[in-house]
Number of protein chains: 2
Amino acid sequence: MDGVERQASAARVKQVANVLEEEIVLGWLQPRERLIEEDIASRFEVKRHVVREAIAELERMGLVERVQNKGAAVRMLSPTEVRQIYSVREALETLAAQQIPLPPSPEAIDLLVDIQEQHAAAVERGDSRAGFRANMAFHNALFGACGNPHLVELIQSLAQKVHGARSYTAANPVHLARARDDHWAMIEALKASDREKLVQLCREHLSPSRDTYIASLEQRFGKAG
Amino acid sequence: MDGVERQASAARVKQVANVLEEEIVLGWLQPRERLIEEDIASRFEVKRHVVREAIAELERMGLVERVQNKGAAVRMLSPTEVRQIYSVREALETLAAQQIPLPPSPEAIDLLVDIQEQHAAAVERGDSRAGFRANMAFHNALFGACGNPHLVELIQSLAQKVHGARSYTAANPVHLARARDDHWAMIEALKASDREKLVQLCREHLSPSRDTYIASLEQRFGKAG
DNA sequence: TTTGCCATTATTGTTGACAATTCTGATAAC
DNA sequence: GTTATCAGAATTGTCAACAATAATGGCAAA
């Protein structure tokens, strides 16, 4: 028996994919940067076929682009794509917000407050990695309250797609602080059973990161795209 | 040089996945039925790792379920899941219908008419396989006109998830005829630039297959689930 | 200096063999 | 007759070596 219990391979695949996802989101891996299977394999101490599955997962999420015999590279989203994705996100997230039963259960509130305290702490100490995780957890918990897991799944998948577009905001203190405030306001709206306010907050919560990304993109590469 | 040009493996994976998808949808593969990797591999004359990727794809689509060391089996959707998925489908498809620019381009109409003629012909001669394909093509073309590929992608993925629930309707002449009539009506609404009618048609188009599936499921397994 | 070609290297794709696990059916104990 | 146990078969998971392809860099010709 090994000292460390041997994980099921499915779990290892997920783990590798998650770490790579974070590194893309946080901008440690730049667009166009290639993902070399063997390098990743040795880094995570897994076999190459595990890395292959993880990369396939990232491809499905839209974070990475694969070309036959040329491998995978971090994907670059065009401003148009970003706009389209955010447009659908807005529709789905407001839809979910409209379906959250009000008043929410005390447990749901407690969970959100719990997560949000972690998020606030991460923002406080400038830990963008923990901030990213807590942010994702908050949105999952919030929209999870709508009671339709399939809707939540779609929201998650769309959020994942633009994660790559968030490296510009995920490390920016101003945006992080703003997100934190938004989250607290959402919790207040839930407590007050103010659906209109909640929906509005969800909608407005999306714009800043979208606009920041598009602006920085157009600045770097010109207005085309 | 081979007589048949050798396909890229990515294409072969897709092809295998598509055929298996059809067989699940048409009920040739029953729920709980296992998918044996080697059998499939020899049937399609591909290597096992190709089959594995294809099955992983089906798992992502939600058509099969995988268990560690036990393989994949056709997935059974509970009535609750079906209801939840259709609820999101309705939201997304009406959303897309609302975004289709009116009046539509003549080319778009021509394309839809073209596809729909194939669909009608398939219904006429009772070819459920061709009917399934044409039906899918019609919906892709229709919602594709909304101009947001990411929205279309979500609609497709949701449709795929409940494909397995459609084996009851996909082979039923009454339902096929009804779908055919609905499609023609949609084309008419497009021609008339009658958005309200179009949206209504899209919404009502979904109910029959959902209700039929749920009813047959509850009849077979009782009202639980 | 630049450009085109070629050999070398780096990387991905494919394969078959083997290991680990689960399923099946027969046998024996109760 | 039923249940427990176990060997063998069937099936999935893992691996390392090999093949195929694309990237790299050097060298010669202009």
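Measuring spread by the Cα atoms of chain A yields a radius of gyration and Dmax of 18.5, 59 Å. Out of B:GLN99, B:GLN68, B:GLN160, any idea which swings most in a Gaussian network model of chain B, alpha carbons joined below 10 Å? Ranking B:GLN99, B:GLN68, B:GLN160 by mean-square fluctuation puts B:GLN68 first. Note on chain A: with a GNM built from Cα contacts shorter than 10 Å, the maximum mean-square fluctuation among A:ALA189, A:ALA215, A:ALA11 falls on A:ALA11.
Across the alpha-carbon atoms of the protein assembly as shown, the computed radius of gyration and Dmax are 23.3, 71 angstrom.
Averaged over the residues of A:24-30, the number of partner chain Cβ atoms lying within 10 Å of the residue Cβ comes to 0.
Taking each DSSP H run with n ≥ 4 as -39500 (n - 2.57) and averaging over every residue of chain B yields -24000 deg cm²/dmol at 222 nm. When the charge dipole of chain B is built from unit charges on Cβ atoms (+1 for Lys and Arg, -1 for Asp and Glu) and taken about the Cα centre, the candidate among B:LEU20, B:GLN200, B:SER78 whose Cα reaches farthest toward its positive end is B:SER78. Just checking the listed ones, A:GLU21, A:GLU204, A:GLU57: in the Gaussian network model of chain A with Cα springs under 10 Å, the one fluctuating most is A:GLU204.
Computed from label points 7 Å out along Cα-Cβ, the spacing between B:GLU38 and A:GLU204 is 6.3 nm. Each of the trypsin sites (Lys or Arg not before Pro) that DSSP puts in a loop and that has at most 10 other Cβ atoms within 10 Å breaks chain B; the longest unbroken stretch is B:126-222. Distance between the modelled labels on B:ASN69 and B:ASN140, one decimal in nanometres: 4.0 nm (7 Å Cα→Cβ projection). Annotation: extensible slack from B:ASP110 through B:ALA130 equals 5.2 nm (criterion: 0.36 nm per residue apart, minus Cα-Cα distance).
Per residue of B:85-97, other chain Cβ atoms within 10 Å of the residue Cβ number 3 on average.
A short reminder: the numbers here are calculations on the coordinates, not readings from a lab. Nothing here was measured: the structure is a model prediction, and the numbers come from that model. Every residue, glycine among them, receives a Cβ derived from its backbone with ideal geometry; neighbour counts consider all protein chains shown.
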